[in-house]
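The values are calculated or read from the model by the stated rules, or taken from the named source; none is laboratory data. These numbers were taken from a predicted model, which means no experiment stands behind them. Ideal geometry is used to build each Cβ from the backbone, glycine not excepted, and the neighbour counts take in all protein chains shown.
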Amino acid sequence: MKLLDFDKHFPSEAVCIEKFKELRNKSGIVCPHCGNKEHIWLPTSMHFECKSCHSSRSLSSGTFMHGSKLPFLYWFIAIHLFNSTKKTFSASEMQRQLGHKRYQPIWEMLHKIRSVMGQRDAQYTFSGMFELDEGFFSTERDENEKTEPLKRGRGSQKKSKVLVMVESQQVENPKNPKKPKRVNHLKMIVIPDLKAKTIYQKATISIDKDA
């Protein structure tokens, strides 16, 4: 969904609240006190009230948005940008774009979204054709590591070892100079070493047996 289309679907806070309520009803709401699944929506306080024990739950209760005082529109915008843009963005830039006064709530919002997306990616398994390789990312050394002699090459303490896996799909009649393969899902996992046993254990968790 492009930004203009997003604005058409979610133009206001009220629309975002109604959409989120619809999603919660669809997934099912269970009372944590009595286990009842039937609730009444209280629009004034924006709470669900259990029909059995009359306990109430906020609209965001039990979700990764729980406890946040930020508008639902902020969350919808941030989630949309995470899923529609190829480049990352900082909390300070998001704060500037939203015109919010405080940095901390925006940082916490983005951190929660990234955490949930990471959990979702961890559950994904590759199917069909996939490719696997090792990668290295430069990282900061902590104070204890700085006392150790710095190694060179693949064993350097300044390089984190990363297992990179990606689904690749053959493209029929690719247009020149396009490549004959298309990348689908990609996953990167930090690993302690590059031993075959370590790579095999990490890879098999993420790969469908028929891949």
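A few remarks follow.
- Only strands (runs of 3 or more DSSP E) whose full extent lies in region 1-71 are considered here, and the ones with at least 1 residues that are in contact with a Lys or Arg (Cβ under 9 Å, 6 or more places away or on another chain) are 39-42, 47-50.
- Filter pass, Phe76 being outside any loop (DSSP other than H, G, I, E, B) and aromatic (Phe, Trp, Tyr): yes
- Once region 99-139 is narrowed to residues that are of a type in the set (D, E, K, R) and either loosely packed, with under 14 Cβ neighbours inside 10 Å or part of a loop (DSSP other than H, G, I, E, B) (or both), the residue that is modelled with the lowest pLDDT is Arg120.
- Which numbered condition Ser55 misses (of (1) closer than 22 Å to Lys112 by Cα; (2) of a type in the set (S, T, N, Q); (3) surrounded by 15 or more Cβ atoms within 10 Å (Cβ to Cβ); (4) over 20 Å from the mean Cα position of the chain (by Cα)): (1)
- Matching residues in region 4-50 - criterion: being farther than 21 Å from Phe76 by Cα, exposed (fewer than 13 other Cβ atoms within 10 Å of the Cβ) and charged (D, E, K, R): Lys37, Glu38
- Number of positions in region 87-98 that are exposed (fewer than 15 other Cβ atoms within 10 Å of the Cβ) and either in a helix (DSSP H, G or I) or polar (S, T, N, Q) (or both): 6
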